[in-house]
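What follows draws every value from the coordinates through simple rules; no lab data is involved. Quantities reported herein were computed from a predicted structural model and do not represent experimental measurements. Virtual Cβ from ideal backbone geometry, glycine too; neighbours counted across all protein chains shown.
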Amino acid sequence: MSSASTARSAGPGTAASGDSILVVGLGNPVRGDDGVGWRVLDWLDDRLEATAPAERPTDVEFDRLAVGGLALMERLVGYRRAILVDALQEGRVPGAVTCRPLHELAGSPAAHLDSSHDASLEAALAAGEALGAALPSDITVVGVEVREVDTFSDHLSPAVEAAVPAAADAVAALLPPPGTGAATARP
């Protein structure tokens, strides 16, 4: 699914009626391993396309972003849950997949949850809540350990590429079973 096909007619940050889960692949697809979040969503798109419509998750929307901080917070407005897929640099073996609540990553070096030119996602979420924004009560991060995110390339390193199916499985495990809501995302 191209990023254009994931955009809603209502526009970013304005969840359509019935939307409850937003899955965001974060990163830059031309900076080597930094693009892993997008690649995980590509993998999921391929799986969904090969699945009968009745077997696809419903009440879920997918998107790809290269921003963190305030822009990411604004994109989360209106959703009950969010799943963020991003590159992590925590000193683990490249390709290691982790899945945990956002609050457990406070201070961890995630590639796109924060921006050096913006507020941290934690600060942005606090500001959004203070302003009354309807933000997800449950934000989970599926992270893939990477070493190099500054290489100009549209290819992932072998270890990170090999981790894409496991990260996609981790995201799929967090999605509701088919037929449990109004469909909002289709490949």
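Calculated FRET efficiency, Leu131 and Ala162, Cβ-Cβ r, R0 41 Å, to nearest 0.05? Mind showing how you got there, number by number?
Details: r = 42 Å, r/R0 = 1.02.
It comes out at approximately 0.45.
Taking the square root of 5 times each eigenvalue of the Cα gyration tensor, what semi-axes in Å does the equivalent ellipsoid of the range 17-174 have, largest first?
Working: eigenvalues 105, 87, 31 Å².
Gyration-tensor ellipsoid for the range 17-174: 23, 21, 13 Å.
Taking 0.36 nm per intervening residue step and subtracting the Cα-Cα distance, what contour gain separates Ser153 from Ala173 on full extension?
Details: separation 20, 0.36 × 20 = 7.20 nm, distance 2.98 nm.
So the extension gain works out to 4.2 nm.
Would you work out which of Ala96, Gly132, Leu72 lies farthest towards the positive end of the dipole of the range 17-174, given +1 charges on the beta-carbon of Lys and Arg and -1 on that of Asp and Glu, about the Cα centre?
Comparing the listed Cα positions along the dipole, Gly132 ranks first.
Where the convex hull is taken over the Cα atoms of the range 55-105, what is its projected area averaged over directions, in nm²? Display every interim value, and only then the final one.
On the way: hull surface 20.4 nm².
Result: a mean projected hull area of 5.1 nm².
Quote the charge dipole size of the range 17-174 about the Cα centre in Debye, to the nearest 20; the model charges only the Cβ of Lys and Arg (+1) and of Asp and Glu (-1).
Working: 11 positive and 26 negative charges, 38 e Å.
My answer is approximately 180 debye.
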